[in-house]
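A quick write-up on the structure given underneath.
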Amino acid sequence: MDHSHHMEMSYMDSNSTMQPSHQHPATSASHSHGGGDSNMMMMPMTFYFGFKNVELLFSGLVINTAGEMAGAFVAVFLLAMFYEGLKIARESLLRKSQVSIRYNSMPVPGPNGTILMETHKTVGQQMLSFPHLLQTVLHIIQVVISYFLMLIFMTYNGYLCIAVAAGAGTGYFLFSWKKAVVVDITEHCH
């Protein structure tokens, strides 16, 4: 017995005013999983530029005007910039919070039968410490933001996709130049 009409009706009633501004062959009624009601809002599967009935992360957050799209563009741009800054900030905090530093020296064969001493620095962090707890909370925030940005990109709205890419690029440009690059001259595998 087919009970799909129950799901269709509740979904259709709550979303009856939200129809996509463009139709694709892949979103026709014969391809829907709910039983074929053409009033159901289908997610576009191709990139498009528009600002009518664009859902942004939540069903109640719908963009309908050019001004709303401009505001969403700025917000998504800033969120992507913040994400890049958060990644760099976490790396910086990690370097500052490393506590146990240990140097290990080991002999390695050198030129002409000589023996050289190679030193390696090992750093660690304590699990039950405030810096590790802070890193854990920041990691959770970073993961949530990264999934939000992925879902925003998956709206296939060209304006929002550009906002994600431009914000990430700008954030990387602004924050990553402070990132220290350490070159180990004893490293032989370049």
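A few points about this structure:
- Residue pairs meeting the criteria (Cβ under 7 Å; at least 6 apart or on separate chains; first more than 17 Å from L86 (Cβ to Cβ) and surrounded by 10 or more Cβ atoms within 10 Å (Cβ to Cβ), in region 166-188; second modelled with pLDDT of 95 or more and not acidic (D, E)): A166/F77
- Flag for N64 being surrounded by 12 or more Cβ atoms within 10 Å (Cβ to Cβ) and at pLDDT below 90: no
- Within this structure, L93 passes the test of being modelled with pLDDT under 90, in contact with a helix residue (DSSP H, G or I) (Cβ under 7 Å, 6 or more places away or on another chain) and of a type outside the set (F, W, Y).
- The number of residues in region 144-162 being in a helix (DSSP H, G or I) and either open to solvent by less than 50 Å² (accessible area, probe 1.4 Å) or among the charged types (D, E, K, R) (or both) comes to 7.
The values are calculated or read from the model by the stated rules, or taken from the named source; none is laboratory data. Values in this document were obtained by computation on a predicted structure and should not be read as measured data. So basically every Cβ, Gly included, is an ideal-geometry build from the backbone, and we count neighbours across all protein chains shown. The protein model used for the area step is the full one, side chains on, heavy atoms only, and it has no ligands, DNA or RNA in it. Shrake-Rupley method; radii C 1.70, N 1.55, O 1.52, S 1.80 Å.
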